[in-house]
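Heads up: the structure comes next, in structure tokens.
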Amino acid sequence: MENLNKLLEYQKVDIELRKVLDEIERSDDSKKLEQAKTEFNNAKATVTETEKAAENIISFYNSALSFMEECDKRTNELADKMEKTEDIEAQRELAAQIEKIRDKLSELERKLSERSERADKAIAAYRDGQERGKKMRAVYNNVKERLDKFKKEKEPKIAELMKKLDALKPDIPADVFEVYKALTAERKYPAFVAAIDAGDKKHYRCFCGITLSQKAQSELLDKGQCRCENCRRLIYK
Ligand SMILES: [Zn+2]
């Protein structure tokens with residue numbers, strides 16, 4: 001128990017510090033800030049995605065354009081040939097080729113109008129993403145400003161408590177401190193707890209509510225401390 005005295009003093013201050021930090025971490029503004037961050041990232045993802053879609057559409061338009069130019073050139077060539085020949089059979093053959101090119105062009109036209117719908121959708125999604133992103137950034141900045149102000153108000157108190165902790169720490173045995181740090185890393189406050197009489201003056205309970213096993217209890221009576229088999233807290237008497 002003696003080796004725990006300093007630690008218990010440390011714990012008292014540490015719990016006070018935890019409360020102040022919780023006030024900040026669990027404040028509505030902290031939650032809102034996280035939310036704004038997530039929504040901003042979602043909006044950003046939409047913008048990136050639609051930018052990619054737009055690139056695809058543009059490259060499709062460009063290849064369609066060069067295909068159309070190619071068709072135009074080829075049609076003119078075929079028409080020239082048709083004018084120069086008197087052979088009916090050859091004219092028929094050339095006309096069939098021109099017809100084929102026309103079919104291809106109308107197929108392309110159909111695809112282009114489909115793409116145009118898609119392009120409109122991509123543009124709308126892009127604008128929406130940008131708009132949402134802008135809004136979320138404004139919300140984020142606003143909340144952050146408030147939260148920073150709140151943090152600043154708490155800073156002197158935090159600094160004072162941390163100074164106290166630093167002053168207490170050198171007197172705590174290293175192994176005891178290690179146990180304490182491991183428990184508090186799991187947010188178990190208090191980590192070191194006094195054994196609670198279970199009511200029958202024969203058994204003890206832990207802070208978590210569980211009654212100590214025979215083994216833990218004899219260790220407690222023997223060494224003045226034991227670990228809870230349920231929550232791992234250090235129990236002292
Ligand atoms: Zn326990």
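The values are calculated or read from the model by the stated rules, or taken from the named source; none is laboratory data. Just so it is clear, the model here is predicted, and its values are computed rather than measured. Cβ atoms come from the backbone with ideal geometry, glycine included; neighbour counts cover every protein chain shown. Each accessible area value is taken on the protein alone, full model and side chains, heavy atoms only, with ligands, DNA and RNA left out. Shrake-Rupley method; radii C 1.70, N 1.55, O 1.52, S 1.80 Å.
How about the range 36-48: which of its residues are open to solvent by 80 Å² or more (accessible area, probe 1.4 Å) and either hydroxyl-bearing (Ser, Thr, Tyr) or over 25 Å from ASN141 (Cα atoms) (or both)?
none
Answer with yes or no whether TYR180 is in a loop (DSSP other than H, G, I, E, B) and under 18 Å from LYS12 (Cα atoms). Steps first, answer last, please.
Details: in a loop (DSSP other than H, G, I, E, B): no; under 18 Å from LYS12 (Cα atoms): yes.
So TYR180 does not fit the description; no.
Any residue that is surrounded by 15 or more Cβ atoms within 10 Å (Cβ to Cβ), of a type outside the set (Phe, Trp, Tyr), part of a helix (DSSP H, G or I) and within 14 Å of the ligand (Cβ to nearest atom) - is there at least one of those in the range 126-149?
Within the range 126-149, not a single residue is surrounded by 15 or more Cβ atoms within 10 Å (Cβ to Cβ), of a type outside the set (Phe, Trp, Tyr), part of a helix (DSSP H, G or I) and within 14 Å of the ligand (Cβ to nearest atom).
Is one or more of the residues making up the range 201-218 under 14 Å from LYS12 (Cα atoms) and not assigned by TED's automatic domain parsing to the domain that holds VAL13?
no
Six or more apart or on different chains, Cβ atoms under 7 Å: show the pairs whose first residue is in the range 142-166 and in the same structural domain as SER30 (by TED's automatic domain parsing) and whose second is among the aromatic types (Phe, Trp, Tyr) and part of a helix (DSSP H, G or I).
Taking only residues 6 or more apart or on different chains, the pairs are LEU165/TYR10.
Based on what the data block shows, is LYS84 basic (Lys, Arg) and out of contact with any helix residue (DSSP H, G or I) (no Cβ under 8 Å at 6 or more places or on another chain)?
Judged against the criteria, LYS84 is a match.
Can you find even one residue in the range 121-130 that is under 30 Å from ILE58 (Cβ atoms) and either β-branched (Val, Ile, Thr) or touching a Cys at 6+ places or on another chain (Cβ under 9 Å) (or both)?
Yes, the conditions are met somewhere in the range 121-130.
Can you tell me how many residues within the range 176-215 are among the aromatic types (Phe, Trp, Tyr) and near the ligand (Cβ under 10 Å from one of its atoms)?
1
Please work out if PRO173 is in contact (Cβ under 8 Å) with a residue 24 or more places away in the chain, away from the ligand (no atom under 15 Å from the Cβ) and surrounded by 10 or more Cβ atoms within 10 Å (Cβ to Cβ).
When the stated conditions are applied, PRO173 passes them.
So, of the residues in the range 180-235 that are crowded, with 18+ Cβ neighbours inside 10 Å and among the hydroxyl-bearing types (Ser, Thr, Tyr), which turns out to be nearest to VAL20 (Cα to Cα)?
Taking the candidates together, the pick is TYR180.
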